[in-house]
1. Within the range 34-55, take every residue that is surrounded by fewer than 17 Cβ atoms within 10 Å (Cβ to Cβ) and farther than 11 Å from residue 109 by Cα and give me the one that is modelled with the lowest pLDDT.
2. Anything in the range 52-82 that is in a loop (DSSP other than H, G, I, E, B) and either touching a helix residue (DSSP H, G or I) at 6+ places or on another chain (Cβ under 6 Å) or farther than 18 Å from residue 36 by Cβ (or both)? List them, or say none.
3. Only one of 112, 118 is farther than 15 Å from residue 29 by Cβ and under 16 Å from the mean Cα position of the chain (by Cα). Can you tell me which?
4. Taking the condition modelled with pLDDT of 95 or more, surrounded by 13 or more Cβ atoms within 10 Å (Cβ to Cβ) and closer than 18 Å to residue 27 by Cα, does residue 104 pass?
5. Restricting attention to the range 109-146, which residues are in a loop (DSSP other than H, G, I, E, B) and at pLDDT 95 or above?
6. Please specify each residue of the range 95-108 satisfying the condition of being assigned to a helix (DSSP H, G or I) and farther than 17 Å from residue 150 by Cβ.
7. From the residues in the range 40-51 that are in a helix (DSSP H, G or I) and without any contact (Cβ under 8 Å) to a residue 12 or more places away in the chain, which one is nearest to residue 99 (Cα to Cα)?
8. So which of 30, 18 ends up being closer than 21 Å to residue 126 by Cβ, crowded, with 19+ Cβ neighbours inside 10 Å, touching a helix residue (DSSP H, G or I) at 6+ places or on another chain (Cβ under 6 Å) and at pLDDT below 90?
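The values are calculated or read from the model by the stated rules, or taken from the named source; none is laboratory data. Quick caveat, the model's predicted, so the values are computed rather than measured. Every residue, glycine as well, gets a Cβ built from its backbone with ideal geometry; the counts of neighbours run over all protein chains shown.
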């Protein structure tokens, strides 16, 4: 407990880390995933598990690195009042293919609880626009996720 407190005091705020790639890029991606999960009012255990699995697979992190990134991203998302700084970081440091993959990850989080809420779909449309991912590409990513998850 004291170690965690010391780390919080001595380390920069997760929001301050944005701007140092690739750690900042990873933080921005995961913060957006948490933001999407929270839009329907709460982050349930299935959404948390989906985020952890997506992040572990995408960034090939050790369990300790994964836990740290998840904690930092959750804190950064809670401290932030807008998504622009996260999308800017992703746009500046990710290829077009990586940005499309990010949209696909967001769709996976949206469908983790088995439902697509209007607020979540609206978020993905805004994020796609900010990342210069065409609506058609975002729609294709949505369909790939639905097919992969066996949703009608």
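1. Going through the qualifying residues, I end up with 41.
2. If the condition is that a residue be in a loop (DSSP other than H, G, I, E, B) and either touching a helix residue (DSSP H, G or I) at 6+ places or on another chain (Cβ under 6 Å) or farther than 18 Å from residue 36 by Cβ (or both), then 60, 61, 62 are the ones that fit.
3. Details: 118 fails: under 16 Å from the mean Cα position of the chain (by Cα).
Of 112, 118, the one residue that is farther than 15 Å from residue 29 by Cβ and under 16 Å from the mean Cα position of the chain (by Cα) is 112.
4. Against the criterion (modelled with pLDDT of 95 or more, surrounded by 13 or more Cβ atoms within 10 Å (Cβ to Cβ) and closer than 18 Å to residue 27 by Cα), residue 104 qualifies.
5. Selection gives 131, 132, 133, 134.
6. Across the range 95-108, the qualifying residues are 96, 97, 98, 99, 100, 101, 102, 103, 105, 106.
7. The initial filter retains those residues of the range 40-51 that are in a helix (DSSP H, G or I), namely 45-51.
Subset that is without any contact (Cβ under 8 Å) to a residue 12 or more places away in the chain: 45, 48.
Working: 45: 26, 48: 21 Å.
Among those residues, the one meeting the criterion is 48.
8. Being closer than 21 Å to residue 126 by Cβ, crowded, with 19+ Cβ neighbours inside 10 Å, touching a helix residue (DSSP H, G or I) at 6+ places or on another chain (Cβ under 6 Å) and at pLDDT below 90 holds for just one of 30, 18, which is 18.
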